[in-house]
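Nothing in this text is a laboratory measurement; each read-out follows from the coordinates by a stated rule. The shown structure was predicted, so the numbers you read here are calculated from the model rather than taken from an experiment. Note that each Cβ is placed from the backbone with ideal geometry, even for glycine, and that neighbours are counted across all protein chains shown.
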Amino acid sequence: MTQNNYLSLTTFVPGTKAKADEVNSNFTVLKNAILEKASQEGDSSQSFYVADATDAKHAVNKEQLDETKEELENSLAKLGYRFCIRKGNTTGGDGDLFEVSLSNLVVTPKIGGAYSNLVISDYTGAVHTIRTADNFTMQGKSDGEYNVFANADGEIYVLKNKVYTQKSRPELIDGDIWLDTSCEPLYCIKYTNNTDEEFLDVPIGKITMTNGVISEIKTLPFVSNGYDVTYNNFPEYKYDYGKPISRSFGVTYTAETDGLLYVRGSNTNTHCMAVLDGYGYTIHISSSQGSVAGGFIPVSKNQTYSVAYGTQLLFVPKVKY
């Protein structure tokens, strides 16, 4: 936490997830500081910025406010959508980046000139503007689906590979791309010759070849990367079924995390009852003729629970991915 007698801002550590409420709190503090200072007198000779001011009465002029606004917008841009198209040519409101000549399988990018510039953002959040791009051909390509990529130099090319956008490492084959979304900062690799190589290019479309011709070509959605990697992203959780915790019957426990209580009973010749926060619920009733039943009961952190009889009692904890 960085503090002074005017501003109190949270400092984030690289490699860890940022909580949305902490990020939003920083923006709220800065917004309030800007609004308060905007009403004060100031001049361009002042050497401090809003985030450095130590007195609520310190003032900045419009030029300094504009500089601060630009810095905030750049920070938001890097925290926002990455590994995607930011802007580009549209038709009828939909992204439209390619024109195809079916006779010779030449693809003409609709970029620059009579069309809008293409603006892309790589996995780091760096934004690149492409003002012109050369044609490329699908002549001689085998049937199947191809991903279209653009790089910072304006080169457009295709790869017959898979692009994964997920937390856990997929099973990659040569040429595949993986955007690792398991932590901040993100990381993107291309798997080449059994080696992970940093990948700074951006997917912008898909082409399908059928019987030697282009049967489909499409532009990927703008400002969309298949996964929410904005600063509002919260940690995700799962029930850890692979690591259940054994519990004893007749003992009262307090849940250390949210989880599921698994109860199984067979041929007990008695009622099987779970007691949650002091309230009893019958799970199943056995008889001398035999019976078997099992099921899961949701339990929240700090709730008490116990089961008097049965044959198996497990607690499945809820953990972060």
- Note on the structure: Set Lys167/Lys190; Lys190/Lys238; Lys87/Lys190; Lys19/Lys190; Lys167/Lys218, cut-off 22 Å on Cα-Cα distance; pairs above it are Lys190/Lys238; Lys87/Lys190; Lys19/Lys190; Lys167/Lys218
- Query: If we sort 139-151, 82-94 on the protection proxy, mean other Cβ atoms within 10 Å, highest first, what's the order?
  - Reply: 82-94, 139-151
- Note on the structure: Computed from the beta carbon distance with a Förster radius of 56 Å, FRET efficiency for Asp96 and Thr254 to the nearest 0.05 stands at 0.45
- Around Thr208, with a cut-off of 15 angstrom between Cβ atoms, what is the net charge of the other residues, counting Lys and Arg +1 and Asp and Glu -1? +2
- Message: What does the charge count around Val107 come to, taking other residues whose C-beta lies under 13 Å from its C-beta (Lys +1, Arg +1, Asp -1, Glu -1)?
- Response: 0
- Query: Where a ≥ b ≥ c are the square roots of the eigenvalues of the C-alpha gyration tensor, would you call the stretch 84-219 rounded, which needs a/c under 1.5, or, failing that, prolate if a/b is larger than b/c, or oblate?
  - Reply: oblate
- Once you have the Cα-Cα distance between Gln139 and Asp240, take 0.36 nm times their residue separation minus that, and quote the gain in nm to one decimal. 31.4 nm
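Take the Cβ-Cβ distance between Ala114 and Lys167 as r, set R0 to 45 Å, and report the resulting FRET efficiency rounded to the nearest 0.05.
For R0 = 45 Å, the calculated efficiency reads 0.60.
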